[in-house]
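A short reminder: the numbers here are calculations on the coordinates, not readings from a lab. Given the structure is predicted, the values throughout are model-derived calculations rather than measurements. A quick note on method: Cβ atoms are made from the backbone with ideal geometry, for glycine too, and the neighbour counts reach across all protein chains shown.
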Amino acid sequence: MVESSVSQSRVWFITGCSRGLGRALAETVLERGETVVLTARNPQQVEDLATKFPGRTLAVQLDVTKPEEVRKAVKQAIANFGRIDVLVNNAACEVAGVIEEVSDEAVRREFETNFFGVLETLRAVLPHMRQQRSGHILNISSIACFSANPGGGIYSSSKFAIEGLSGSLANEVAPFGIKVTIVEPGAFRTDFLTRSYVLTESKIEDYKPLIDKIRQAVCDEVGTQEGDPKKAALAMIKVVDSDNPPIRLALGADTVETISYALEFIKRDLDAWREVSVNTAFEEVVADKTQVATLG
């Protein structure tokens with residue numbers, strides 16, 4: 001039986017709680033008095049939070065690349081708390097390297113975590129949110145979707161896939177009172193680069209200077225990121241608290257600047273090639289439109 005104190009608070013289901021933004025978010029939500037299903041491939045890594053906040057936590061094993069574990073974790077959450085109000089698809093990894101060289105195995109492994117793991121979790125949670133006619137989904141994307149940095153093509157592709165999925169999902173579930181927000185973090189001071197990031201060695205001589213440059217940039221970035229994970233967590237909570245949340249939440253000044261530049265860049269090309277772009281219709285369609293415009 002769920003205690004009344006639990007039933008009156010929101011229940012969060014967060015993937016990848018053992019470290020990084022996932023852990024920062026879980027801890028901040030718990031400090032606010034809400035309830036969290038703490039998921040990790042190794043539940044022992046979140047036992048400290050479960051011990052610190054008894055009665056409002058459930059630590060479960062979850063490797064998002066294993067559909068049976070996803071379904072089991074969601075079933076445990078519902079059995080313990082009766083509902084899931086907020087789903088945060090946070091678990092992710094990155095295998096960096098030039099497009100020509102990253103192995104098929106590495107690409108598939110990255111998409112299994114970053115895309116198919118999200119898809120599986122969504123499909124397990126959505127029936128419960130539809131039944132309760134409420135819920136909020138936060139899908140964690142990345143600044144990488146807009147920065148187009150060399151070496152990050154596979155990772156950004158997996159996150160682009162999440163963005164495409166999320167846009168359609170938002171329209172599909174809106175009639176059921178379910179909200180969707182794409183969260184786009186920049187550089188935050190977590191251990192992602194030391195624990196979840198792998199840079200493949202180049203075997204092609206032409207790419208070796210680039211790989212060396214990327215490796216040095218990553219080493220320089222570790223421990224110097226401007227983003228505060230705690231403040232990122234508070235920003236995400238603010239979005240969930242909002243009656244009118246955004247479809248996209250940029251996290252970090254670096255992300256805001258990068259997205260602003262990307263939009264300007266797209267607009268420049270769009271304007272420069274507008275005549276070529278629009279001049280692709282059948283001539284009779286153009287004639288009809290011209291006639292309508294003239295009559296109008």
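For this structure, a couple of remarks:
- Computed about its Cα centre, the charge dipole of the chain is approximately 1260 debye, with only Lys, Arg, Asp and Glu carrying charge at their Cβ.
- Over the chain: helical MRE at 222 nm, DSSP H runs n ≥ 4 each giving -39500 (n - 2.57), nearest 500: -16000 deg cm²/dmol
- Between helix 253-272 and the chain: long-axis angle, C-alpha atoms, 0 to 90°, nearest 10: 20 degrees
- Estimated translational D of region 4-251 in µm²/s (Stokes, Kirkwood radius over Cα pairs; 37 °C; 0.692 mPa s): 177 µm²/s
- Under the combined filter of DSSP loop state and at most 16 neighbouring Cβ atoms within 10 Å, region 245-293 retains none of its trypsin sites (Lys or Arg not before Pro).
- Backbone amide hydrogens, once placed in the peptide plane, bring G135 within less than 5 Å of K179, excluding anything fewer than 5 places away on its chain.
- Built amide H within the under 5 Å cut-off of D191, gap 5+: G20
- Here's how it looks for R41: its modeled amide H is under 5 Å from those of L62, which are all 5 or more places away or on a different chain.
- Selection from C145, T65, P185, by position along the positive dipole direction of the chain (Cβ): T65
- Extreme residue, positive dipole direction of the chain, given options A233, V107, G252 (C-beta unit charges): A233
- Whole-Å distance, taken between Cα centres, linking region 150-167 and region 70-130: 14 Å
- Taking Cβ atoms as reference points and 11 Å as the exclusive limit, the residues near R23 contribute a net charge of -1, counting Lys and Arg as +1 and Asp and Glu as -1.
- Note on the chain: Lys pairs 8 or more places apart or on different chains, Cα atoms under 26 Å apart, count 24.
- Choice from G22, G223, G135 showing the highest fluctuation, given a GNM over the chain with Cα pairs closer than 10 Å: G223
- Among the GluC sites (Glu not before Pro) in region 178-282, those located in a DSSP loop and surrounded by at most 13 other Cβ atoms within 10 Å of their own Cβ are E201, E226.
- Per-residue 3J(HN,Hα) values for region 201-207, derived from phi via the Karplus relation 6.51 cos²θ - 1.76 cosθ + 1.60 with θ = phi - 60°, read 6, 8, 9, 9, 4, 4, 8 Hz in sequence order (x marks Gly and Pro).
- Among S168, S134, a tally of other beta-carbon atoms within 10 Å of each Cβ gives an order, fewest to most, of S168, S134.
- Chymotrypsin sites (Phe, Trp or Tyr not before Pro) within region 234-296, DSSP loop, no more than 13 other Cβ atoms inside 10 Å: W273, F282
- Between the Cα long axis of helix 283-295 and the first principal axis of the chain there is an angle of about 90°, rounded to the nearest 10.
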